[in-house]
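**Student:** Input: one structure, supplied below.
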Amino acid sequence: MAPIDPHSYTDSTHPFTTHISLSLYFDFPASEIYSSALLSLSSPHTGSLSLDTRSLSINSIVDPKTLTPIPFSLSSEIDPIKGALLTVTLSNQSEFLISFKTSPNSSALQWLSPPQTFNKKFPFVYTQCQAIHARSIFPCQDTPAARIKYSAKLNIPQSLSAVMSARHVERRVPVSGEAAMACDDSTWCAEDRVVEDFVMEQPIPPYLFAFAVGEISHREVGPRTRVYAESVPTVLDAAAREFAGAEDMIRQGEKLFGPYDWERFDLLVLPPSFPYGGMENPRMVFLTPTVIKGDATGAQVVAHELAHSWTGNLVTNKNNEHFWLNEGFTTYAERRIVEVVQGEDIAALNIGIGWKGLNDEMERFKDNMEFTKLKTNQEGVDPDDVYSQVPYEKGFQFLLRIERQIGRPAFDEFLKKYISTFKFQSIDTDTFLDFLKANVPGIEKEINLELWTEGTGIPPDAHEPVSSIYTKIVSLANEFKNGQMPKDEDVADWGGQEWELYLENLPKSIQAYQIAALDARFRLSESKDHEVKVAFLQLAISSGCQDYYAEVEKTLKEVGRMKYLRPLYTHLVQGPGKEEEKIFAKRVFAEAQACYHPIAQGVVEAILSKHV
Ligand code: BES
Ligand code: ZN
């Protein structure tokens with residue numbers, strides 16, 4: 001057994017799966033998917049083949065040509081991170097057909113009942129496979145080192161439609177036998193069902209597999225972009241307005257990083273429980289509805305997910321220990337796009353917010369400095385538990401350091417070459433460093449590459465951002481020490497990002513009465529912008545200002561984005577003498593939990609169990 005990924009049972013001596021054909025029958029009342037998966041290997045294999053699964057029931061495995069059963073065993077021992085090992089015993093075979101069923105608590109899937117959706121009329125289900133959740137939808141070698149092409153037939157109720165991070169082929173009536181597939185529920189009949197066919201012809205790592213099923217409509221926003229959302233005209237219209245600049249961004253991306261290889265760049269706006277700001281599913285990015293607010297941040301998240309089309313989806317980290325190759329490069333690329341389409345000031349603000357975030361993470365990980373490294377050891381570590389700004393912001397700083405050393409024109413050329421050299425490959429930090437040294441001779445003498453990639457903390461040659469807007473806002477925040485609030489003319493043209501930077505840089509010593517005074521003047525607790533509201537509520541909690549707990553509770557029940565859940569729950573329960581807050585946090589979680597995606601539920605549970 002030679003593992004290649006601490007989060008997967010994949011064995012390097014086994015052939016990789018190159019193609020999967022999936023048939024998925026959605027049973028909404030039971031929150032289950034009756035499925036079959038035909039796996040094709042890169043070469044015929046004899047002996048055992050290891051696959052990852054989590055909470056799947058395996059019904060049978062057969063040879064697709066002869067239908068003869070293929071021996072398999074599903075380990076009864078369940079690793080809390082990796083899940084259950086499925087061993088298939090092959091004899092010179094390169095294809096096998098697995099029939100199986102997902103469970104209602106599959107970690108990748110959120111099943112929403114009609115009241116949990118925008119339109120309140122139809123159920124909805126969607127996936128989130130990154131980091132290691134694809135295995136809870138279908139058995140696979142769930143490591144980004146393995147790339148698969150796939151086809152998928154989604155059998156769904158006729159009143160709904162399906163979207164995927166793949167090319168849509170057709171919506172059609174089920175052929176005989178397809179409707180009742182492996183499902184004993186006689187209440188379904190073929191007439192009530194449709195099948196939506198998709199194909200993904202480009203090889204993707206399993207974490208980029210994605211679908212959503214619900215009452216979904218779309219608006220055209222550009223020549224290769226549509227925005228999809230639940231069929232609520234107000235949501236669709238606002239989304240179409242917010243993302244009107246998508247085509248411009250794609251063109252800028254192409255200028256900077258090379259051709260856009262994924263044909264379409266569609267956007268799907270999910271219900272508020274979506275656990276991330278955005279997820280770079282190829283051809284169709286998934287987004288939280290909280291980014292639709294008619295200012296610069298929506299575009300920033302789109303720029304980030306678009307940037308992954310090159311850094312992440314084309315050039316992919318080999319496993320999560322090298323996650324910075326995905327997110328650090330993408331943060332750098334995102335800011336280059338933002339700089340062109342929104343201007344240098346906005347890019348500078350984002351860099352400033354990121355710098356503060358990076359410094360805060362040093363505090364969070366002060367007892368576990370491993371996770372302040374770019375290259376981390378994740379043996380026995382759940383990637384969702386150590387998700388942080390470090391790979392994003394330290395990765396960004398590292399690339400900026402190289403850019404500063406060699407100059408922007410040379411760095412731009414280097415980036416393009418890096419992407420075209422490694423596209424459709426999964427690489428590690430050493431591969432990047434070797435490529436860097438080969439293409440920028442002598443760089444290792446100028447920059448301590450080992451310190452940057454293997455060292456803890458922030459290297460001394462990282463730079464606090466320099467820009468007039470950043471410096472002005474940070475110094476205004478520092479003046480609060482003397483109780484001095486910003487003047488109306490200072491804040492007159494501030495948007496959400498300016499306020500976020502200001503709030504995050506306020507002194508730790510701020511008192512509850514000062515928080516209340518700030519809010520009385522600027523109404524931050526009522527901000528429609530969740531970044532601002534959550535930054536304010538964090539301050540309110542840490543200064544012990546209980547007046548805002550009703551707003552905290554409302555926020556925790558309204559949105560399931562982990563960027564907000566993590567700090568709010570953490571600030572409530574962390575530290576001594578927080579008995580009342582702990583009881584409050586536990587009650588709110590118990591009441592809100594059903595609305596969170598399973599990944600978010602797990603993350604909040606981990607925070608509460610660490611401190612309560
Ligand atoms: N790929 C990430 C989201 C992710 C990371 C999901 C790790 C699961 C595991 C995505 O590209 C991302 O970084 N989203 C950010 C957007 C922001 C940086 C603009 C988010 O969700 O906040
Ligand atoms: Zn990202």
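The values are calculated or read from the model by the stated rules, or taken from the named source; none is laboratory data. Note that the structure is predicted; figures quoted are calculated from it, not measured. Please note: Cβ atoms are built from the backbone with ideal geometry, for glycine as well, and neighbour counts cover all protein chains shown. SASA here: full protein model, heavy atoms, side chains in, ligands and nucleic acids out. Shrake-Rupley method; radii C 1.70, N 1.55, O 1.52, S 1.80 Å.
**Student:** Given a Förster distance of 35 angstrom, what is the FRET efficiency for Ala594 paired with Arg404, based on the Cβ-Cβ distance and rounded to 0.05? Kindly include the intermediate steps, with their values, before the conclusion.
**Tutor:** Details: r = 49 Å, r/R0 = 1.39.
Taking R0 as 35 Å, the efficiency between Ala594 and Arg404 is 0.10.
**Student:** Mind grabbing the base-10 log of I(q)/I(0) for the range 76-150 at q = 0.23, 0.24 Å⁻¹? Debye formula, identical points on the C-alpha positions, no solvent, two decimal places.
**Tutor:** Taking Cα atoms of the range 76-150 as identical point scatterers yields -1.20, -1.25.
**Student:** Report the net charge of residues surrounding Glu305, where surrounding means a beta-carbon distance below 12 angstrom and charges are Lys +1, Arg +1, Asp -1, Glu -1. Don't skip to the answer; put the middle values down first.
**Tutor:** Values: positive: Arg283; negative: Asp266, Glu280, Glu327, Glu334.
Neighbourhood net charge equals -3.
**Student:** Which number do you get for Rg(Cα) / (2.2 N^0.38 Å) in the range 314-466? Kindly include the intermediate steps, with their values, before the conclusion.
**Tutor:** Numbers: Rg = 14.9 Å, N = 153, 2.2 N^0.38 = 14.9 Å.
That works out to 1.00 for the range 314-466.
**Student:** Taking a cut-off of 12 Å, what percent of all Cα-Cα pairs in the range 468-524 are separated by more than that?
**Tutor:** Tail fraction, whole percent: 66.
**Student:** To the nearest 20 Debye, how big is the dipole of the range 314-466 about its Cα centre, given +1 on the beta carbon of each Lys and Arg and -1 on that of each Asp and Glu? Let's see the in-between values first.
**Tutor:** On the way: 17 positive and 28 negative charges, 119 e Å.
Here the size comes out at about 560 debye.
**Student:** Counting only helical runs of four or more DSSP H residues, what would the 222 nm mean residue ellipticity of the chain come to if each run contributes -39,500 (n - 2.57) and the total is spread over all its residues?
**Tutor:** Theoretical 222 nm ellipticity from helices: -11000 deg cm²/dmol.
**Student:** If you average the alpha carbon positions of the range 547-612 and of the range 105-153, how far apart do those two centres end up, in angstrom?
**Tutor:** So the two Cα centres are separated by 24 Å.
**Student:** Can you pick out the pairs among Lys373/Lys563; Lys472/Lys508; Lys121/Lys557; Lys121/Lys293; Lys293/Lys366 whose Cα atoms lie more than 27 Å from each other? Working shown, then result.
**Tutor:** On the way: Lys373/Lys563 21 Å; Lys472/Lys508 19 Å; Lys121/Lys557 20 Å; Lys121/Lys293 25 Å; Lys293/Lys366 35 Å.
Beyond 27 Å between Cα atoms: Lys293/Lys366.
**Student:** Roughly how large, in nm² to one decimal, is the mean projection of the convex hull of the alpha-carbon atoms in the range 17-213? Could the numbers behind the result be given before it?
**Tutor:** Details: hull surface 44.9 nm².
Its average projected convex-hull area is 11.2 nm².
**Student:** With unit charges on the beta carbon (Lys/Arg positive, Asp/Glu negative), name the residue among Gln116, Thr429, Trp452 whose Cα is farthest towards the positive pole of the charge dipole of the chain.
**Tutor:** Farthest towards the positive end: Gln116.
**Student:** Next question. Taking Cα pairs under 8 Å and at least six residues apart, what relative contact order does the chain come out at, in percent? Working shown, then result.
**Tutor:** Numbers: 1183 pairs, mean separation 66.9, N = 612.
Relative contact order comes out at 11 percent.
**Student:** Separate question: From the convex hull of the Cα coordinates of the range 521-587, what is the mean projected area in square nanometres?
**Tutor:** Average projection, Cα convex hull of the range 521-587: 4.3 nm².
**Student:** Could you please tell me the mean projected area of the C-alpha convex hull for the range 1-79, averaged over all directions and given in square nanometres to one decimal?
**Tutor:** Numbers: hull surface 26.3 nm².
Average projection, Cα convex hull of the range 1-79: 6.6 nm².
**Student:** When the Cα centres of the range 7-58 and the range 464-529 are compared, how far apart do they sit, in Å?
**Tutor:** Value for the Cα centre distance between the two parts: 51 Å.
**Student:** What number comes out for the charge environment of Pro80, summing +1 per Lys or Arg and -1 per Asp or Glu over other residues with Cβ under 13 Å away?
**Tutor:** Working: positive: Arg54, Lys82; negative: Glu77, Asp79, Asp382, Asp384, Asp385, Glu605.
Net of charged neighbours comes to -4.
**Student:** Continuing with the same structure: Averaging sequence separations of C-alpha pairs under 8 Å and six or more residues apart, then dividing by the length of the range 314-466, give the relative contact order as a whole percent.
**Tutor:** Numbers: 163 pairs, mean separation 58.8, N = 153.
Answer for the range 314-466 is 38 percent.
**Student:** Using Cα atoms only, what is the angle between the long axis of helix 598-611 and the major principal axis of the chain, expressed in degrees (0 to 90) to the nearest 10?
**Tutor:** Orientation of helix 598-611: about 50 degrees from the principal axis.
**Student:** Still on this structure, I have one more. What GluC sites (Glu not before Pro) does the range 4-102 have in DSSP loop regions with at most 13 other beta carbons within 10 Å?
**Tutor:** Details: sites: Glu32, Glu77, Glu95; in loops: Glu77.
Those satisfying the criteria are Glu77.
**Student:** What is the Cα radius of gyration of the chain over 2.2 N^0.38 Å, N being its residue count? All intermediate terms of the calculation are to be shown ahead of the outcome.
**Tutor:** Numbers: Rg = 24.4 Å, N = 612, 2.2 N^0.38 = 25.2 Å.
Rounded to two decimals, the normalised Rg is 0.97.
**Student:** Follow-up. From Cα pairs below 8 angstrom and at least 6 apart in sequence, can you work out the relative contact order of the range 468-611, rounded to a whole percent? Walk me through the numbers on the way to the answer.
**Tutor:** Values: 125 pairs, mean separation 25.6, N = 144.
Value for the range 468-611: 18 percent.
**Student:** Ok, one more. Run the numbers for Asp385 and Lys508: contour at 0.36 nm per residue of separation, minus the present Cα-Cα distance, in nm.
**Tutor:** Working: separation 123, 0.36 × 123 = 44.28 nm, distance 2.55 nm.
Stretched fully, the Asp385-Lys508 segment lengthens by 41.7 nm.
**Student:** Further question: Taking the range 409-511 on its own, what percent of its Cα-Cα pair distances exceed 18 Å?
**Tutor:** On the way: 3458 of 5253 pairs.
The proportion of pairs with Cα distances above 18 Å equals 66 percent.
**Student:** Apply the Debye scattering formula to the range 41-94, with a single equal point scatterer on each alpha-carbon and no solvent, then give log10 I(q)/I(0) at q = 0.14, 0.15, 0.20, 0.31 Å⁻¹.
**Tutor:** The computed values of log10 I(q)/I(0) come out as -0.40, -0.45, -0.75, -1.25.
**Student:** Nearest 0.05, what FRET efficiency do Thr421 and Arg587 give at R0 = 51 Å with Cβ-Cβ as r?
**Tutor:** Working: r = 53 Å, r/R0 = 1.05.
The computed FRET efficiency comes out at 0.45.
**Student:** Could you look at the chain and say what percent of its accessible area is carbon and sulfur, using a 1.4 Å probe and all protein chains?
**Tutor:** Working: 12090 of 23400 Å².
C and S fraction of accessible area: 52 percent.
**Student:** For the range 468-611, count all C-alpha to C-alpha pairs, find those more than 25 Å apart, and express that count as a whole percent of the total.
**Tutor:** On the way: 3018 of 10296 pairs.
I get 29 percent for the Cα pairs in the range 468-611 exceeding 25 Å.
**Student:** I would also like to ask the following. Taking the Cβ of Arg264 as the centre, find all other residues whose Cβ is under 13 Å away and add up their charges (Lys, Arg: +1; Asp, Glu: -1).
**Tutor:** Around Arg264, the charge tally is -2.
**Student:** Continuing with this model, one more query. Quick one: plug the Kirkwood hydrodynamic radius of the range 215-309 (C-alpha pairs) into Stokes-Einstein at 10 °C, 1.306 mPa s, and report D in µm²/s. Walk me through the numbers before you get to the answer.
**Tutor:** Details: Rh = 13.0 Å.
For the chosen part, D equals 122 µm²/s.
**Student:** Expected output is a single nm value to one decimal: the length gained when fully extending between Asp360 and Lys472, i.e. 0.36 nm times separation in residues minus the C-alpha distance. What is it?
**Tutor:** On the way: separation 112, 0.36 × 112 = 40.32 nm, distance 2.02 nm.
38.3 nm is the gain from fully extending Asp360 to Lys472.
**Student:** Computed FRET efficiency, Cβ-Cβ of Glu413 and Lys528, R0 30 Å: what is it to the nearest 0.05?
**Tutor:** Values: r = 42 Å, r/R0 = 1.41.
The value I calculate is 0.10.
**Student:** So, one more: Need the full-extension length gain, Lys255 to Glu551, defined as separation in residues times 0.36 nm minus the C-alpha distance. One decimal, nm. Mind showing how you got there, number by number?
**Tutor:** Details: separation 296, 0.36 × 296 = 106.56 nm, distance 4.43 nm.
So the extension gain works out to 102.1 nm.
**Student:** Quick check: the distance between the Cα centres of the range 319-353 and the range 219-236, to the nearest angstrom?
**Tutor:** Each part reduced to its Cα centre gives a spacing of 26 Å.
**Student:** Under a 5 Å amide H to amide H cut-off, with H placed in plane at 1.01 Å, what residues pair with Lys149 once short-range neighbours are removed?
**Tutor:** Excluding prolines and chain starts, which carry no amide H, the hits are His19, Ile20, Ile204.
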